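Engineer: Dropping the structure in here first, questions after.
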Amino acid sequence: MNLSVRPPVIVVDIEEIANSRVRLKIANLLSSRPATLSELSALTDMSVQGVLKHLGKIAAQGLLKEENMKGGRYLRQRKLYSIDRRRIADYSEGDLIVATVGVSVRDAPRRVKDAYDELDWLAKDIIILRSRARDLSHRMQRVLEEVTEDEARISSLVDGLALADDEKQIAYLIFTEDVPARVAAILRDYYGCTDPEGAVRAVMEKIRVTKD
């Protein structure tokens, strides 16, 4: 049997994303909403060329989506990047890249008679720690799934609104940015919006009218 003729299988190597903090930061943002190249450059404090290299790595995993946002009443035409079909969450702290962290309180170090006693004690300790880690992992997984579901729901709802392309991008920003004041700054700095506060108010009013 000739294995070389098997159809290609696309496998996402998450380590290829997570082994770079910058790349993980980019992927995390693009998982929550589309963004422009200039915004990603400012977010990462990198040159556009540097950001493009990281986007190339993400694209090589089959995750990157590119689309041209049409110019509208509030925003100029822009190329937008986003993560396609997947959600990548970055919950790292400091120098540690983590998805789930289990911290357990161990007993004080004990004196052992020989290597066998110590190995036996360590083996039993590992079993306990693995059990705790699995429990914490399951809990964290449920939280991450809820975050992913909420983000996907936001994307679905925004896409379904009767809004122009630029108004949808404003809606993405409104409902995905943690700090509301950043929305106006992003629109002004990266989308050429001359009246970001007015644009936000107008889009919010449109969404409210749709709700009514």
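Please treat every number below as a calculation from the coordinates, not as lab data. Quantities reported herein were computed from a predicted structural model and do not represent experimental measurements. Cβ atoms come from the backbone with ideal geometry, glycine included; neighbour counts cover every protein chain shown.
Engineer: Using Cβ counts within 10 Å as a stand-in for footprinting exposure, how do H54, H138 rank, fewest first?
Structural biologist: H138, H54
Engineer: Let me ask something else about it. Using a Debye calculation, one point per C-alpha and no hydration shell, please list log10 I(q)/I(0) for segment 162-201 at q = 0.26 Å⁻¹ in order.
Structural biologist: -0.86
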